[in-house]
Structures are given as C-alpha cells and as structure tokens.
Amino acid sequence: MVTLAWLVALAGCGRIGFGTVGTDGTSVEGSSTPTVNVLSNPTAQASELITVNVATGAVTSIGTISQLGLLGGLAYWDSNTLYATSTTGNVVRITLSPFGATVIQTFTGGISELDSDGARLIGVNDNDDTLVTFVPGGAMSATPIRDLSNMAVPGGGGDIARMPDGSWVWWTQGVNQLFRLDVGTGRATPIGAADSAAPSFSGLVQLGGHLFLTDSSNSGIVEIDPLTGTRSAELPLCMPCPGTPYHLSAGDATRTP
C-alpha cells in the first residue's frame, strides 16, 4: 500500500509535511535537498532554470537561457546534464556546471512533455498526439497515444514522469487528467477523473515516490496521488521566502541531481 504525504499550509511560504515513505521506500523528508528542477519563461526571449523546494515552495534561480527558443520540455540525464525542448524545434543540452546550453538536434512538432529513463529521452509530441523516443542526437521514433477504447488522447501541454518502479505517468492539459502511460505501446490508462476546472499544470515530477504538479496559472506546486489522481492543497512559490511570490510561467519539471 502506498502512503502519500499531505500538504500542510502554514504561514509565509508554507511547508509540505513529508513524514511518510514514498513508493520506492525512501522518505522525502529524509532528503537533504527535496528540490526539483523547473523551467519558467519570464519573457518571450528567455527561459529560466530554477529549483523548487517542494517542502517550502522556495525558488532558487540556476541560470537563464536565451536565443534558443522558449524551453518547454525538461528531462534529467545525469548529475551535470539536463535536456530540454524548445518551441522552435530544438533539443537543447543544458550543462549545470559551468552553466550553459547547446542545441544538439532539431525536430518537427511540439514536444512540451519530456523525461528520461536513463538511456533514452521520452516525450509527447502535442502536434500529432504521439509518444516520441530517442537517444539524444539520434533519430526519433513515434508511437500514437491511444486510450483503452483505442481513441487518440490529446496532448496540448503537461508533462510525463517515470515512477520508481519503472512505470510512467502523464498529465495532459488536453483533457486535464492523469494517465498511466505504457511507453512501449502508447497505451494511456486514466487515473481518476478529468478535471475541466484544473489550472495550467505544466510540469510533473516524481521525488522519492511522491508525484508533484507545477501550476503555472497560480505559481504553485501540488502533490497528486499516482494511484487515484487526487490532488492535495497547493503550495505557493516564493523567492525570497517568506513573503515574495515567484511568478511561474509555463515550463516543464524534472528531478534534481
């Protein structure tokens, strides 16, 4: 049985209570840095890479990337490397130290959901609702995403994340719903019900077996149960904390080293 922590709103930036154990047997509270990487697009010309502390909502700026198109998809690769996809069809390698970004290949379509399994990058092309798989710099393979009735499931923004057991989950803004996603077949199984009133959840990230959504409508982060799709109370982002809200603008999320 999986036990997930509940968000507890306190004064200032607030705090998420993480006394429970995640699905992989680890405690988020036991982590020295319960943070995730998130992309934000504060201007039409630049994307900012930040970390978000999921326990407090505190934001730290890592660096700004410009002239490569607005970055939407974001995936962890190794302790010093992330990959991102841009609205102009670039796959971008981000080096954390020294901080920098380089285009390694181009693509056709709109990949705003991205993650990795350690050997491949896996994303969703919102232009044709396909699952794309590729080694950085290599050719992309595409698989149609279909529900249990073999109907196409629309993308339109959101994110995908890999769970500790190797399974994948996908939040799509196309229907505002969480899905379990078979990356081998493209089969999408709904988790919980669609929520037509959901805000713009642009990032989805797994940390210690816990699953989080980043909300670019309200500049916050919220935990979502990977078994039921139930969301907890939202925690606002701040920089500095407490008292100074951080404005999150679109962008994907992935784990930190």
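Just so you know, all these numbers are worked out from the coordinates, no wet-lab data involved. Source: prediction; values computed, not measured. Every residue, glycine as well, gets a Cβ built from its backbone with ideal geometry; the counts of neighbours run over all protein chains shown.
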**Q.** For peptides 61-71, 138-148, sequence by mean Cβ density within 10 Å, most packed first
**A.** 61-71, 138-148
Q: Report the one residue of Met163, Pro236, Ile62 whose Cα lies farthest in the direction of the positive end of the charge dipole of the stretch 7-255 (charges on C-beta: Lys and Arg +1, Asp and Glu -1; origin at the Cα centre).
A: Ile62
Q: Work out from phi, with θ = phi - 60° and the Karplus expression 6.51 cos²θ - 1.76 cosθ + 1.60, the ³J(HN,Hα) of each residue of the stretch 90-98, listed in order in whole Hz, and give x for Gly and Pro.
A: 10, 9, 10, 8, 9, 9, 7, 9, x
Q. If r is the Cβ-Cβ distance from Ser141 to Met239 and R0 is 35 Å, what FRET efficiency results, to the nearest 0.05?
A. 0.35
(Q) For the stretch 149-198 and the stretch 201-257, what is the centre-to-centre distance using only Cα atoms, to the nearest Å? (A) 17
(Q) Could you derive backbone 3J(HN,Hα) for the stretch 220-228 from the dihedral phi with the Karplus parameters 6.51, -1.76 and 1.60 (θ = phi - 60°), listing whole Hz in sequence and x where the residue is Gly or Pro? (A) x, 9, 9, 7, 10, 6, x, 9, 10
Q.
Starting from 0.36 nm per residue, how many nanometres of slack lie between Ala46 and Thr189 once their C-alpha separation is accounted for?
A. 47.9 nm
**Q.** Karplus-derived 3J(HN,Hα), 6.51/-1.76/1.60, for each residue of the stretch 149-158, Hz, glycine and proline x
**A.** 9, 6, 8, 5, 9, x, x, x, x, x
Q: Quote the relative contact order of the stretch 7-255 in percent (integer), defining contacts as alpha-carbon pairs under 8 Å separated by 6+ residues.
A: 20
**Q.** Likely footprinting exposure, Ile50, Ile191, Ile221, fewest C-beta neighbours within 10 Å first
**A.** Ile191, Ile50, Ile221
**Q.** Under-5 Å amide H pairs with Ile62, H placed in peptide plane, nonlocal only
**A.** Leu49, Ile50, Thr51
**Q.** Separation of the Met151 and Ser217 label points, Cα + 7 Å toward Cβ, nm
**A.** 2.2
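Report, in debye and to the nearest 20, how large the dipole of the chain comes out about its Cα centre when Lys and Arg carry +1 and Asp and Glu carry -1 on their Cβ. If you can, show how the numbers build up before the last one.
Details: 9 positive and 20 negative charges, 48 e Å.
Magnitude of the dipole: close to 240 debye.
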